[in-house]
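Here the structure comes first, spelled out in structure tokens, and everything after it is commentary.
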């Protein structure tokens, strides 16, 4: 049977169908079978019933929000006096009478976007005006123009200075872009007398320095990784330039040993040399290190013969 035959048969059946008349007492029987409704609650009684329900609901919301606030993004309850901002174990001196707490900077930056620091003003295209004097530096890391580096920072934004190294005596402009093609990539231009300051989110950046003549006198690459220095070291030699070069095992309040800052312990990858503000950090036979930092923001410089310069930004501690 075709579809047309089926439609014709259905039409004939509908035309032949006649609805049945209900019994004469059908309506009376339906009305008699109804279940009586509960009496309407007066507005005053409804208010007394609704108030306790609303109060219980509000308490539940407060408890839920309070519980959520105690947990970080991983759903693990954290104790700021026992865990540093980069997750490493932080020991405390029981007799010092003070708690050492890792503080986050709270600085935010759009992911993969260079942001001009507040002390340096970006200028419209075609202009070239450098300040008479560079503003005070608030950078954690200083990179000489022409060098490349990998920055490991647990925070959302990393403040750096690009030192002109005397290449532009009358000041210069630094182009910072996500790609190496500055003509086609989104580029931020930062001006300075002897250095340029910028804030970087995570990602890969290329930069170049231009003097007033317009020609490039130095360029490099900067990789910024959101890294808390807790990743394990590679078990074998790797070609990945962003691989961990050190792993930090603990932070300890130096007050227990007569110090005034924080003692950092960890292990370095084979071939690495370490320095803090230019002062070499010794390694033992098992490549373990130990050094003390103050309560200001600082970065450990790690150099590898194959993977180049790495900077590990230390957490900011306070008592």
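Between a residue in segment 281-296 that is on the phi < 0 side of the Ramachandran plot and any residue that is assigned to a loop (DSSP other than H, G, I, E, B) and exposed (fewer than 13 other Cβ atoms within 10 Å of the Cβ), which pairs come within a Cβ distance under 9 Å, given they are 6 or more apart or on different chains? That search, which allows pairs on different chains as well, returns 289/282; 290/282; 290/284; 291/282; 292/260; 294/260; 295/260; 295/319. A single member of 233, 209 is under 27 Å from residue 286 (Cβ atoms) and more than 21 Å from the chain's Cα centre (by Cα), and it is 233. Looking across 204, 198, 213, one residue alone is part of a strand (DSSP E or B) and either without any contact (Cβ under 8 Å) to a residue 60 or more places away in the chain or in contact with a helix residue (DSSP H, G or I) (Cβ under 7 Å, 6 or more places away or on another chain) (or both). It is 204. Residues of segment 239-285 that are touching a helix residue (DSSP H, G or I) at 6+ places or on another chain (Cβ under 9 Å) and assigned to a strand (DSSP E or B): 262, 263. Which one is surrounded by the most Cβ atoms within 10 Å (Cβ to Cβ), of the residues in segment 242-269 that are free of Cβ contacts under 8 Å to residues at least 24 places away in the same chain and on the phi < 0 side of the Ramachandran plot? By that ranking, first place goes to 247. Test residue 220 against the stated conditions and say whether it is modelled with pLDDT of 95 or more, under 20 Å from residue 144 (Cβ atoms), over 20 Å from the mean Cα position of the chain (by Cα) and crowded, with 16+ Cβ neighbours inside 10 Å. It is true that residue 220 is modelled with pLDDT of 95 or more, under 20 Å from residue 144 (Cβ atoms), over 20 Å from the mean Cα position of the chain (by Cα) and crowded, with 16+ Cβ neighbours inside 10 Å.
The values are calculated or read from the model by the stated rules, or taken from the named source; none is laboratory data. Please read all numbers here as calculations on a predicted model, not as lab measurements. Cβ coordinates were reconstructed from backbone atoms using ideal geometry, including for glycine residues, and neighbour counts include every protein chain displayed.
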